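One structure below.
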Amino acid sequence: MEITRRSFGLAAASAALLPALPAAAKEAPAGAQAPGVYRLKVGAYEITVLNDGTGALPTKYFSGTADGAAKLLENSFVASKDMAPTSFNEWLINTGDKLILVDTGYSNAIGPYAGKLPKALAAAGVNPADIDAVVVTHIHPDHCLGLLTVDKQIAFPNATIHVNGEELAWWLEGDMKIPEGKPFFKELFEGGRAAFKPYVDAKRVQTFKDGAELAPGVFAVTAAGHTVGHTMVRIAPSGGDQLLIWTDIVHSTALQFPEPERSIAYDLDPPKAIATRKKVMDMAATDRLLIAGTHVGFPGVGHVAKASTGYAFIQVPWNGNL
Ligand SMILES: [Zn+2]
């Protein structure tokens, strides 16, 4: 049969003439995905990407024109061209001796869109009590509220919490420094302070500086702009393989790969965040680094390629064998 749009229409029409299906379905639809768990090997280390949820960001949160954003979303899977899809990903690093979790997700702060990290950890066969260290890349709700359970209890009872020292001081110490025109920062401050409090009280928080080796071959790399101490995690165990967890270098794949000059309202210092993004993207493309991003569609692991305008993201294919 010749493939035309008309023949597809006719096929649909004749399908309607088939006998109706029995009323009782064999199995009720699941109505949800299985937990998001994706594993990859980096040298001798096993990295598990864990998905806390998915959502969409209004394009008006980004700098640049709404029309330009709508054009970039033309070929994306979106319900409307003023909402840019995003993801909330975290990572578990298994070094063989230690389990290190990078970021903790939103907990129950945004309803059904997130808070799935505990289920993803369970699906990965990991008990939160077995996690030795939690690296909080920056003190934003989607990265730190999961330090507490939905009952506001410590979620990782045996872990030391690691965070950049300037980041911790900026969010937790002294008055809240709410930037002009960004009143929503108050909520960010309150959330961060509440999430850290039980760990600070228990003296379980350790600060680090740019370049610190958090575990053998696991390095903190400051990429400031989004926040004062926004941290990327470079995983480079001996043997040459590397993964750069670039955290919040990108909040929307569809908008910020082709147009890295688009900042987001949550950026503390937009010009600096833009400069940092451009620098990291250029490095990732030039050195063909494997990157992983919080807000790049799950699993959000892949390469960055230079494109005719800006960059393109090339996601790793599903790989059943590590
Ligand atoms: Zn984020």
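Only helical DSSP H runs with n ≥ 4 go in: add -39500 (n - 2.57) per run for the chain, normalise by residue count and round the 222 nm mean residue ellipticity to 500 deg cm²/dmol. Provide the component values of the computation, followed by the final result.
Details: 8 runs with 75 residues, N = 322.
Rounded to the nearest 500, the figure is -6500 deg cm²/dmol.
DSSP assigns beta bridges within the chain; of those with both partners inside it, close to 75 percent run antiparallel.
Spin-label model, residue 279 to residue 318: label points 7 Å out along the Cα-to-beta-carbon direction sit 3.9 nm apart. Suppose R0 equals 45 Å; then what is the FRET efficiency for residue 113 and residue 3 from their Cβ-Cβ distance, rounded to the nearest 0.05? Between residue 113 and residue 3 the formula returns 0.75.
Multiplying the residue separation of residue 305 and residue 206 by 0.36 nm and removing their Cα-Cα distance gives an extension gain of 32.0 nm.
Residue 149 to residue 286: FRET efficiency via 1/(1 + (r/R0)^6), r the Cβ-Cβ distance, R0 45 Å, to the nearest 0.05?
Numbers: r = 42 Å, r/R0 = 0.94.
That gives a FRET efficiency of 0.60.
Rounded to the nearest 0.05, the FRET efficiency derived from the C-beta distance between residue 24 and residue 66 at R0 = 35 Å is 0.15. Normalised by the number of residues in the chain, the mean separation of alpha-carbon contacts (under 8 Å, six or more apart) gives a relative contact order of 16 percent. Normalising the average separation of contacting C-alpha pairs (under 8 angstrom, six or more residues apart) by the number of residues puts the relative contact order of the stretch 34-76 at 24 percent.
The alpha carbon centroids of the stretch 61-81 and the stretch 268-322 are separated by 19 Å. Neighbour counts of C-beta atoms inside 10 Å place 241, 287 in the sequence 287, 241, starting with the fewest. Our summary gives the stretch 28-171 a relative contact order of 21 percent, counting only alpha carbon pairs under 8 angstrom and 6 or more residues apart.
Where a number appears in this text, it was derived from the coordinates with a stated rule and is not lab data. The shown structure was predicted, so the numbers you read here are calculated from the model rather than taken from an experiment. Every residue, glycine among them, receives a Cβ derived from its backbone with ideal geometry; neighbour counts consider all protein chains shown.
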